[in-house]
Amino acid sequence: MQLEQQPLTRLNAKTTDYNAKLTAYGSIKSALSSLQTAAATLADTTVFNGKSVAVSDATVVTASASSLAAAGSYTLSVTQLAKFHTLRSTTDYATTADTFNTGTLSITIGGGSAVNVTIDSSNNTLSGIRQAINDANAGVTATILNDGTTNRLVLTSNTSGSVGAITVTATDSGGGGTNPLSGLDSASLLQTQPADNALFNINGIDISRSSNTVTDAIEGLTFRLTKGTLAAPGTSTLTITPNTDAITSAINTFVQGYNNAVNLLKTNSSFNVTTKTAAILNGDSTVRSLQAQLSDLVHTSVTGIAGGISTLSDIGITVQKDGTLATDGTKLAAALADPTKDVTSLFTQTTPGNEGIAVRFSTAVRNSIAFDGVIAARTDGITASIKGINNSIDALNLRLAKLEARYRAQFTALDVMMANMQKTSQYLTQQFAKSSSN
């Protein structure tokens, strides 16, 4: 049976070989998928349109820029920060349980509509009024502060600047308390922080905003003011430049993705002349096709690009002897800093027949790893071969089982015959012995 099972051993070896090829192609597809993602990122113009902003004094302002921001420098001077209007009660309240007459508190923020807060017997204590104001969502936050000797009701606007100014009108409509409700209207409250707007100057132009976070002074620039008074203005310079760090990172990711794919294809298709050992995909036509495709793509040229650039080597990315890419950081940085060199179009141009390098890579590699691409076609073929081998193994196992049963039946018959012959031999031997003795 060991001899009969030799075809089965060969079939199992083929299955192991095919499964190893599927594993290798899975790794290759994963590497190409990462390359395609990197290329698609690099093909997006937003990567090249990104801006970064530097501030000379981060204690005065912090800032961020979108792709809409124009490169340039801006001088900022802050003379006043926006503040949240704050009022406090002036009457001394011994405890938070001090009571008030019933009535209504009408609260207005800026020029908005008034919110009426009803004060009745269920909430006419100092703490009850605080809770009633907060529950009314009147645009203010009410708190109670104890200064060590007395309790104060403090109202702070939820909106900064002059548009957040608080106005409180109190109407007593009944008794029931030891304190008049009118003690909490604007006329009786003390302002502890004014409803100031932010006042600042950009390149000689005076600007006022109700918030310290400004999004509409310079297109594409968002900044937050953090320091500055009239007596001691906060000054800082904001410099907007292209975000070359993001571009460089995207390019480096693309180069690394390319190198990973090239190395993986080479490793899985190599032949070791010393050990005379071939890798699992050695001689595979699909691997050769993918290698040729990547080589063609990396040597591609884009015509009509400003600045005299048309290939990756023009910006410091060159092909090495082993087929991988190497980046000259100095040359790349110089190309990105040169406004005459249209590096953006080199990667992102979408002109039919003259697409940018990243666009070509993204499209070609995406097609290769698609469900109907060359890798899928190859792995589908391998899977079909494994299925065919498995069917052959099943048929062979069935034949071997029948063959073994036949062999065992033949052996059993032979064994019975031999046993009978042995008995006959023993009988004859005994008879001959008796005849000899007579």
In the set Ser437, Ser392, which member is modelled with pLDDT under 80 and loosely packed, with under 10 Cβ neighbours inside 10 Å? Ser437
Can you tell me which residues in region 174-198 are crowded, with 18+ Cβ neighbours inside 10 Å, among the hydrophobic types (A, V, I, L, M, F, W, C) and over 38 Å from the mean Cα position of the chain (by Cα)? Leu181, Leu184, Leu189, Ala195
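For every residue, the table says whether it meets (1) in contact with a Gly (Cβ under 9 Å, 6 or more places away or on another chain); (2) surrounded by 16 or more Cβ atoms within 10 Å (Cβ to Cβ); (3) assigned to a strand (DSSP E or B).
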| site | (1), (2), (3) |
| --- | --- |
| Thr86 | no, yes, yes |
| Thr90 | yes, no, no |
| Gly112 | yes, no, no |
| Asn123 | no, yes, no |
| Ile129 | no, yes, no |
| Asn137 | no, no, no |
| Thr143 | no, no, yes |
Just give me the residues in region 155-172 being surrounded by 15 or more Cβ atoms within 10 Å (Cβ to Cβ) and over 21 Å from Asn101 (Cβ atoms), in sequence order. Thr156, Ser157, Thr159, Ser160, Gly161, Ser162, Val163, Gly164, Ala165, Ile166
In the set Ser313, Ser301, Ser270, which member is within 21 Å of Ser30 (Cα to Cα) and either surrounded by 15 or more Cβ atoms within 10 Å (Cβ to Cβ) or of a type outside the set (Asp, Glu) (or both)? Ser270
Could you run through region 45-84 and say how many residues are assigned to a loop (DSSP other than H, G, I, E, B) and modelled with pLDDT of 95 or more? 8
Would region 9-24 turn up any residue that is over 30 Å from Ile133 (Cα atoms), surrounded by 15 or more Cβ atoms within 10 Å (Cβ to Cβ) and either of a type in the set (Phe, Trp, Tyr) or in the same structural domain as Ile202 (by TED's automatic domain parsing) (or both)? yes
Please find, among Val47, Val55, the residue that is surrounded by 14 or more Cβ atoms within 10 Å (Cβ to Cβ) and either in the same structural domain as Thr171 (by TED's automatic domain parsing) or within 23 Å of the chain's Cα centre (by Cα) (or both). Val47
Meets criteria (closer than 30 Å to Tyr258 by Cβ and outside the structural domain of Leu221 (by TED's automatic domain parsing)) for Ser67: no
Residues located in region 281-295, provided they are surrounded by fewer than 17 Cβ atoms within 10 Å (Cβ to Cβ) and outside any helix (DSSP H, G or I): Asn282, Gly283
Find all pairs meeting these conditions: Cβ atoms under 7 angstrom apart; at least six residues apart or on different chains; first residue within region 202-217 and free of Cβ contacts under 8 Å to residues at least 12 places away in the same chain; second residue small (Gly, Ala, Ser) and in a loop (DSSP other than H, G, I, E, B). Ile207/Ala217
Any strands (runs of 3 or more DSSP E) falling wholly within region 155-247 and containing at least 2 residues that are at negative phi and among the small types (Gly, Ala, Ser): 234-242
Checking Leu264 against (1) more than 30 Å from Ser368 (Cα to Cα); (2) in contact (Cβ under 8 Å) with a residue 60 or more places away in the chain; (3) not acidic (Asp, Glu), only one condition comes out false. Which one? (1)
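The values are calculated or read from the model by the stated rules, or taken from the named source; none is laboratory data. Only a predicted model underlies this, so the values are computations on that prediction, with no experimental measurement involved. In this analysis, Cβ positions are derived from the backbone assuming ideal geometry, glycine residues included, and neighbour counts consider all displayed protein chains.
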